[in-house]
Amino acid sequence: MTTELRFLAATVILGLLHLIADSHLISSQLGYRWTASSREQPAPPLRGVANRVDQAYTNFMETFPFFAAVVLAAHLADRHGALTLWGVQLYFWGRVGYVLAAAAGFGLVRSIVFFNTALSGIALFLITLLC
């Protein structure tokens, strides 16, 4: 298994941990009865850490399909090298930094971490695939 695929698997695990944390934070704020309900009734907006972690999870889910697609495309095309190694690490560690910064309430830091690392990781794969 390549390093890129290992990081993809690690990112899936990160996403699952993020989902579990998000779910528990939402349930602790809205109640486990609401979580187990049909959720047809409108819920009050989330506050604090639960809101920030939920937003970070939504952001993760918006970018992860692109990341997975470029990692798998590079693997299928047998395009591996320094750029793909940097790309997987930038994306993975950028996502870790993003959720930690979001949970801590560092809005500007969170955005800088995301744009300077995770998005750059995807861009490095695109460069590798298109050049």
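Here are the numbers for this structure:
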read-out	value
Members of the range 1-19 that are in a helix (DSSP H, G or I), of a type in the set (Val, Ile, Thr) and either over 13 Å from the mean Cα position of the chain (by Cα) or farther than 18 Å from Phe64 by Cβ (or both)	Thr3
Residues (touching a Leu at 6+ places or on another chain (Cβ under 8 Å) and at pLDDT 95 or above) located in the range 5-31	Leu8
Matching residues in the range 64-96 - criterion: being touching a residue at least 40 places away in the same chain (Cβ under 8 Å), closer than 18 Å to Val109 by Cα and surrounded by 19 or more Cβ atoms within 10 Å (Cβ to Cβ)	Tyr91, Phe92, Arg95
Considering residues of the range 48-63 that are touching a residue at least 24 places away in the same chain (Cβ under 8 Å) and of a type in the set (Ser, Thr, Tyr) only, the residue farthest from Gly105 (Cα to Cα)	Thr63
Test: residue in the range 27-47 that is assigned to a helix (DSSP H, G or I), acidic (Asp, Glu) and without any contact (Cβ under 8 Å) to a residue 60 or more places away in the chain	no
Selection within the range 90-118 - over 13 Å from Leu14 (Cβ atoms) and not small (Gly, Ala, Ser)	Leu90, Phe106, Leu108, Val109, Arg110, Ile112, Val113, Phe114, Phe115, Asn116, Thr117
Residue check for Thr58: surrounded by fewer than 14 Cβ atoms within 10 Å (Cβ to Cβ), part of a helix (DSSP H, G or I) and of a type in the set (Ser, Thr, Tyr)	yes
Counted residues, the range 20-45 - those being surrounded by 12 or more Cβ atoms within 10 Å (Cβ to Cβ), closer than 27 Å to Tyr91 by Cα and not polar (S, T, N, Q)	5
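The values are calculated or read from the model by the stated rules, or taken from the named source; none is laboratory data. It should be emphasised that the depicted structure is a prediction, and the values quoted were computed from it without experimental measurement. A quick note on method: Cβ atoms are made from the backbone with ideal geometry, for glycine too, and the neighbour counts reach across all protein chains shown.
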